[in-house]
Amino acid sequence: MAQSSSPLPTYAAVLEQCSVAPPPGKVAAFSLPLTFLDLQWLHSSPAHRLMFYQHAVSRTHFKDTIIPHLKTSFSIALQYFPLIAAKLAVPSDYSTPPEFVYSDGDGVSLVFAVSDDNSGRFDCLSSNHARNCNEFYPLIPTLPSVRRGMFAAKVTLFPDAGICVGIASYHVAGDDCSIFGFMKAWTALSILAHKSSPLSLSDEYLPFLDRTAIIEDPKGLKTLAWNQMKHVKINEEDADDDGVPYADVTGKARATFIVTRNDIQKLKNHVISTKVVRRQPPSSFVVTCAYMWVCLLRSQCIKDDDDDDDTVYFVCAADCRARLDTPLPAKYFGNCIVPCIARAKARRLAAEECGLAAAAEAIGDAIEWQLQGEEGVLRGAENWMSFFGTVNHEKILSVSGSPRFDYYEMDFGWGKPKKTEITSIDTGGFHVGCAKESSDIEIGVSVPATKMHLLKTLFDEGLQA
């Protein structure tokens, strides 16, 4: 990953940096194997999420009350989710795949910081309009090499304005569903800490951690994946003392677009009216992703009369816990997602009349092919890594997140977030999630600042039309 070439702002000073572990003696040492669904994420960059809370407190209250409560609730949460505190053990000769290992006392980096600015910067960062991507990076926790930790958190106070909670995680530890489950548990325990209630989790939050013969592998996909991946060494040089370097976001801007329930219905009606789609009406997720795919292509000035007839790709992930031959519990902690890969001609997607319908059909067909074929949800799994290793990444657009994971419900005891952001989309793709209004969908984008105005114009005018 390229190091950022422009200086990052330094408006947040560290108050405390600590390693938080589960309560002593509460978690026995363990080692767990990686499944082949974990292995495919072994070399992925960390995912970053920020949650902004409009909670006006002083530095004194933050230090004396909020920090102790967060540390305590975080420690208890790790007791129930010890894989968050585990590390990756890799044999020196790479003869066998890595394993997750945990020893009593292993902890997770938790940093507390305070901004030298308050309401002005907080209000800007927690808004929807276009903002400089660099401005978010002082709020993101750094992660070391995956061998030294797979999760980190950073809590930054904007005095008398708000609080930002930032998390970073390696995908190999768990997918969005898993990390969302951990965050629900941490926030629930944080509220109990504020109420001086006993810190224990009810069954609804407890993860399923068993890895013994839990995901069947009749095709030998784990061996295949490791044979392909072990040639890319996992070493400590991946990260220096400051953690894994961030992506270069020079000249990039971040913005959030909202698609209302009425907008979604209009998009669906348009797709149906074109009669291009030969299937049932598209879902809200499909039509939202299709619309953003088309808008992003058009913002690159691809037109339907261009000579360029390249194939472009769209990738979304589908949870397959309930779709395996032996279904997994919904709260299984780990990776259990499969890629759905849509293909289409760029010129066709850029066409004014049928572009949206063509995009919706391509995405819908890809999801159906992956999830509903007689071969099961692992159909084509032996080719996933070769696809991502050989296709030009500039031709692939991916979406992260899902409206299923409502981070606007994450309440640490300060109320619901004013805004959430996924900063890891700076390396490409966009994010889809719940908006503050539960029936709306929020789309996070990160594009060159010079393209943002055009993209916003295309997005707004398309919905109005």
* Asked: Of everything in segment 445-465 that's closer than 16 Å to V287 by Cα and small (G, A, S), which residue is surrounded by the most Cβ atoms within 10 Å (Cβ to Cβ)?
  -> G462
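Residue-by-condition table, conditions (1) in a loop (DSSP other than H, G, I, E, B); (2) at pLDDT 95 or above; (3) of a type outside the set (D, E, K, R):
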{"position": "M385", "(1), (2), (3)": "no, no, yes"}
{"position": "S398", "(1), (2), (3)": "no, yes, yes"}
{"position": "S424", "(1), (2), (3)": "no, no, yes"}
{"position": "E442", "(1), (2), (3)": "no, yes, no"}
* Asked: Taking into account only those residues within segment 176-204 that are more than 13 Å from N335 (Cα to Cα), among the hydroxyl-bearing types (S, T, Y) and crowded, with 19+ Cβ neighbours inside 10 Å, which is modelled with the highest pLDDT?
  -> T187
* In segment 404-439, how many are under 26 Å from I66 (Cβ atoms), polar (S, T, N, Q) and over 13 Å from the mean Cα position of the chain (by Cα)? -> 0
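Among the residues of segment 60-80, is there at least one that is of a type outside the set (A, V, I, L, M) and part of a loop (DSSP other than H, G, I, E, B)?
No, that holds for no residue.
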* Structure fact -> When every residue in segment 122-137 that is surrounded by fewer than 19 Cβ atoms within 10 Å (Cβ to Cβ) and not small (G, A, S) is compared, the one nearest to S169 (Cα to Cα) is E135
* Leading residue by the ranking (surrounded by the fewest Cβ atoms within 10 Å (Cβ to Cβ)) among those in segment 29-54 that are modelled with pLDDT of 95 or more and in a loop (DSSP other than H, G, I, E, B) -> A29
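Quick test for you: out of V155, V114, V146, V172, pick the one residue that is touching a residue at least 40 places away in the same chain (Cβ under 8 Å), closer than 20 Å to M410 by Cβ and among the hydrophobic types (A, V, I, L, M, F, W, C). Don't jump to the end; show me each part of the working.
Numbers: V114 fails: closer than 20 Å to M410 by Cβ; V146 fails: closer than 20 Å to M410 by Cβ; V172 fails: closer than 20 Å to M410 by Cβ.
Answer to the selection: V155.
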* What number of residues within segment 156-175 satisfy the criterion of being surrounded by fewer than 23 Cβ atoms within 10 Å (Cβ to Cβ) and among the small types (G, A, S)? -> 1
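The values are calculated or read from the model by the stated rules, or taken from the named source; none is laboratory data. All figures in this text were calculated on a predicted structure; none of them were measured in a lab. Cβ atoms come from the backbone with ideal geometry, glycine included; neighbour counts cover every protein chain shown.
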